[in-house]
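Below you'll find the structure, written out as structure tokens, and then a few comments.
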Amino acid sequence: MRFILFVGASNTLAESEIEAQIKGAVLRQPNLYVFESENESTATNLASRLGSSIKLAIEMVGVAPVPTSLADLIKAKNFSITSLDGFKDSPQINQEIKDLLQKGRFILPKEQFGLSPVLLKKHKIDEFFVDQKSEEVWQTIWIHDFEHWIKKDRHMPFANAKAGILPPKIARSMVNLVPIGPIGRLLVDPFCGSGRVLIEALELGFLVGGADILADQVRETKANLDSLGFEGRLEVLDATHLSDKFHDVDAIVTEPFLGKPNLRPDQIRYLVPGLQKLYLGCLKNWLSVLKPGGFVVMVFPSFDDGKHIYKTSSVIDGKLELSYNLLKRDILYSRPNADVRREIVVLQKK
Ligand SMILES: C[S@@+](CC[C@H](N)C(=O)[O-])C[C@H]1O[C@@H](n2cnc3c(N)ncnc32)[C@H](O)[C@@H]1O
């Protein structure tokens, strides 16, 4: 069976997450991947584990992309048809189906990805995608649980935007870059902040540990985990001394300290060596924390002072190459208008 996965952001993080989690997925057009799966529940389960997924549609084999065949499929009062191969044709096909049905209401897509999950849920709409050229019909069968994502983003006991909190969907995609399954595996975030990475890892089924240099942050993480009924081993600790408390760890996934926000251009030059020293100290210490073959998924900030781009990830190019295999770099994401660009790197202990 074939499925289309719609993703919320078209960036290298979404691309890398899908590559790591869905074997054989092919980018069909921006924000839209096609993949094969043995059945509907395997495919929806896969989609629901990803941070980048928004919607999933299944191919309706044997259904022609013509109004008469589509009208037969419509069960709900509301429907919406989007032409994948010519978005501008969508109003016409919707009207033709309404004329055939002589009942119901169609909702026109505003973009080529169809309707938003919020609209689909609120109005209970049967949504279809058609491709006249390749004679395909697809029906939306799953949407992401946007209420739960919003809760995790904005309505946790501690969700202080000033502390530089990682958006939950980004945290989920980062955890999904760990190329091993979660069951019985220990994942640690040594800069746990308010626990975003740990919550996503717990929801996927990992065992977790967290550490932060500030006791207040560890308390925030605990309160956030408690509020969702989760548990993890939490310690107040400097990330360069993680080995004092943690061993036999399968994966470290973290957004470390990135420097103080809103730096002036002339401050950047001094910040970068300090951060690189911290990251190098961490990566050396974590060699005694990780199991052989264990993974690190870590954010490295890049700064631009107008004259020069400072990439803190250059620390991995030196002696560390003897201890870690570099599996992936240049996975980029940044918030709109952010002055710090983030690069995610995936390493494996040799
Ligand atoms: C960018 S925040 C992490 C945010 C976290 N990903 C979240 O979304 O909640 C960095 C965290 O690192 C902590 N930190 C700074 N220096 C540290 C160090 N040397 N060892 C451990 N934690 C440190 C800070 O207290 C802060 O909570």
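The values are calculated or read from the model by the stated rules, or taken from the named source; none is laboratory data. Because the structure is a prediction, the values reported are computed rather than measured. Because the Cβ atoms are built from the backbone with ideal geometry, glycine has one as well, and the counts that use them run over all protein chains shown.
Does the range 204-216 contain at least one residue that is part of a loop (DSSP other than H, G, I, E, B), assigned by TED's automatic domain parsing to the domain that holds residue 286 and within 13 Å of the ligand (Cβ to nearest atom)? Break it down into steps so the answer makes sense when it comes.
We begin by selecting, within the range 204-216, every residue part of a loop (DSSP other than H, G, I, E, B); these are 205-206, 213-214.
Applying the additional criterion that residues be assigned by TED's automatic domain parsing to the domain that holds residue 286 yields 205-206, 213-214.
In the following step, the residues that additionally are within 13 Å of the ligand (Cβ to nearest atom) were identified as 213-214.
Within the range 204-216, one or more residues are part of a loop (DSSP other than H, G, I, E, B), assigned by TED's automatic domain parsing to the domain that holds residue 286 and within 13 Å of the ligand (Cβ to nearest atom).
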Checked the range 116-174 for anything more than 16 Å from the ligand (Cβ to nearest atom) and of a type in the set (Phe, Trp, Tyr); matches are 128, 129, 138, 142, 146
Filter the range 255-280 for residues that are loosely packed, with under 15 Cβ neighbours inside 10 Å and in a helix (DSSP H, G or I); the one that is farthest from the ligand (Cβ to nearest atom) is 266
When residue 171 is run through (1) among the small types (Gly, Ala, Ser); (2) in contact with a helix residue (DSSP H, G or I) (Cβ under 7 Å, 6 or more places away or on another chain); (3) more than 22 Å from residue 344 (Cβ to Cβ), the failure sits at (3)
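Table: residues versus (1) under 20 Å from residue 235 (Cβ atoms); (2) of a type in the set (Gly, Ala, Ser).
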| position | (1), (2) |
| --- | --- |
| 150 | no, no |
| 153 | no, no |
| 167 | no, no |
| 173 | no, yes |
| 177 | no, no |
| 199 | yes, no |
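Among 245, 291, which is the only one that is surrounded by fewer than 20 Cβ atoms within 10 Å (Cβ to Cβ), more than 13 Å from the ligand (Cβ to nearest atom), of a type in the set (D, E, K, R) and assigned by TED's automatic domain parsing to the domain that holds residue 176? Let's see the steps before the verdict.
On the way: 245 fails: more than 13 Å from the ligand (Cβ to nearest atom).
The match here is 291.
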When every residue in the range 217-237 that is in contact with a helix residue (DSSP H, G or I) (Cβ under 9 Å, 6 or more places away or on another chain) and assigned to a helix (DSSP H, G or I) is compared, the one nearest to the ligand (Cβ to nearest atom) is 217
Report task. Could you tell me whether any residue of the range 316-326 is surrounded by 15 or more Cβ atoms within 10 Å (Cβ to Cβ), within 16 Å of the ligand (Cβ to nearest atom) and either part of a helix (DSSP H, G or I) or in the same structural domain as residue 17 (by TED's automatic domain parsing) (or both)? Result -> no
When the range 57-80 is checked residue by residue, the ones that are of a type in the set (Val, Ile, Thr) and in a loop (DSSP other than H, G, I, E, B) are 61, 63, 66, 74
Being surrounded by 15 or more Cβ atoms within 10 Å (Cβ to Cβ), modelled with pLDDT under 95 and in contact with a strand residue (DSSP E or B) (Cβ under 8 Å, 6 or more places away or on another chain) narrows 112, 139 down to just 112
Among the residues of the range 81-109, the number that are in a strand (DSSP E or B) and either surrounded by 15 or more Cβ atoms within 10 Å (Cβ to Cβ) or within 30 Å of the chain's Cα centre (by Cα) (or both) is 4
When you look at residue 191, is it under 20 Å from residue 278 (Cβ atoms) and either part of a helix (DSSP H, G or I) or within 9 Å of the ligand (Cβ to nearest atom) (or both), yes or no?
-> yes
Within the range 110-159, restricting to residues that are among the aromatic types (Phe, Trp, Tyr) and not in a loop (DSSP other than H, G, I, E, B), the one that is nearest to residue 227 (Cα to Cα) is 149
